[in-house]
Amino acid sequence: MTTVQLTSKDFKSNLKPIWCPGCGDFGVVQGIYRALASIGRPPHEIAFVSGIGCSSRIPGYTTAYGFNTVHGRALPIAQGIKLANPELLVLVAGGDGDGFSIGGGHVPHAIRRNPDLTYLVMDNQIYGLTKGQLSPTSACGLKTVTSPHGAIEHPVNPLLYVLSYGAGFVAQATPADMAGMTAIIEEAIRYPGFSFVNVQSPCVTYGEDHQQVKAHRTAMKTLASMGHDPSDRMRAFELASHYGEQLYTGVFYRNPNPPPTYGALVKERQAALAGGLPRERILESFIQR
Ligand SMILES: Cc1ncc(C[n+]2csc(CCOP(=O)(O)OP(=O)(O)O)c2C)c(N)n1
Ligand code: SF4
């Protein structure tokens, strides 16, 4: 593992983003460049995995190793990469559709294993790439091409979803606050275990228009300014339940005593097996934790 002096430019690839002008994802990628520069791991030590969607194009706009995988399957692939090469810094990204619709079943399993990954969801409450269908985080009443009379179902709350399954780091950010978002992404990467950042990244073509985005920004509140203690998990649940009504940004929950990661446990068991300990004793010691 190497740590060197780097700048945002070191993480910017030569590919020109094909996102629509004004898309929130432009800001998100800038925040990722800055956070990675602060972390200081060179691009060749980073694997950036995504699913399919406008937001999932993001690895290609960085100089890290990128894998634009299959719709909803970024997390399983990222876990495999991390297990095969534990020294890599592994980032995972995608949209709300990718993560909480088709890929929703993978999220709890990644969380319960606790691999050392950072999962960034660019939550625009719409399917952008496929031209504006209802997504799992679309608000009730939203009119889209697949809900012309307005959605009659309630959205998934991504923050409560990951909190309930036991994620050790849960945050929300927006590119409207670039400094805040960059700091949150950096903190998520530094968290030793599964970390999740829900990034409110507007789709200006099929989702919120500029007026709505502006209103959203004024309604934004940072959790730090409210004196929230991120080690208070119950309060984090309460605050997270306001998803969709009030945009809170910052760290909802950070486990003050991070449990061992999946990679660490696998390594430990391999060592115990190599040391000739009876299998039953090894299993017992893992179950007792
Ligand atoms: C198995 C499969 N089903 C459906 C699709 C079509 N598809 C591609 S991206 C996408 C949704 C994109 O929405 P989201 O994940 O929220 O990302 P965004 O484009 O909004 O960033 C869909 C339905 C696909 N590529 N593969
Ligand atoms: S369709 Fe929406 S999410 Fe996709 S690039 Fe355009 S503004 Fe961004």
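Note on the stretch 172-211: residues that are among the hydroxyl-bearing types (Ser, Thr, Tyr), in a loop (DSSP other than H, G, I, E, B) and in contact with a helix residue (DSSP H, G or I) (Cβ under 9 Å, 6 or more places away or on another chain) total 2.
For residue 88, state whether it is at pLDDT below 95 and either away from ligand 2 (no atom under 16 Å from the Cβ) or surrounded by fewer than 24 Cβ atoms within 10 Å (Cβ to Cβ) (or both). No; evaluated as a whole, the condition is false for this residue. Evaluate the stretch 111-128: report whether one residue or more is touching a helix residue (DSSP H, G or I) at 6+ places or on another chain (Cβ under 9 Å), without any contact (Cβ under 8 Å) to a residue 40 or more places away in the chain and over 21 Å from residue 188 (Cβ atoms). No, the stretch 111-128 has no match at all.
In the stretch 37-54, what residues are within 15 Å of ligand 1 (Cβ to nearest atom) and either under 24 Å from residue 3 (Cα atoms) or not hydroxyl-bearing (Ser, Thr, Tyr) (or both)? Scanning the stretch 37-54 gives 49, 51, 52, 53, 54. Within the stretch 34-78, track down each residue that is within 17 Å of residue 16 (Cα to Cα) and within 16 Å of ligand 2 (Cβ to nearest atom). Within the stretch 34-78, 53, 54, 55, 56, 57, 58, 59, 60, 61, 68 meet the criteria. Can you find even one residue in the stretch 112-128 that is over 22 Å from residue 165 (Cα atoms), surrounded by fewer than 24 Cβ atoms within 10 Å (Cβ to Cβ) and either modelled with pLDDT of 95 or more or hydrophobic (A, V, I, L, M, F, W, C) (or both)? Within the stretch 112-128, none of the residues are over 22 Å from residue 165 (Cα atoms), surrounded by fewer than 24 Cβ atoms within 10 Å (Cβ to Cβ) and either modelled with pLDDT of 95 or more or hydrophobic (A, V, I, L, M, F, W, C) (or both). Please tell me if residue 105 is small (Gly, Ala, Ser), farther than 21 Å from residue 36 by Cα, modelled with pLDDT under 95 and out of contact with any Leu (no Cβ under 6 Å at 6 or more places or on another chain). So residue 105 fails the test.
The values are calculated or read from the model by the stated rules, or taken from the named source; none is laboratory data. Just so it is clear, the model here is predicted, and its values are computed rather than measured. Ideal geometry is used to build each Cβ from the backbone, glycine not excepted, and the neighbour counts take in all protein chains shown.
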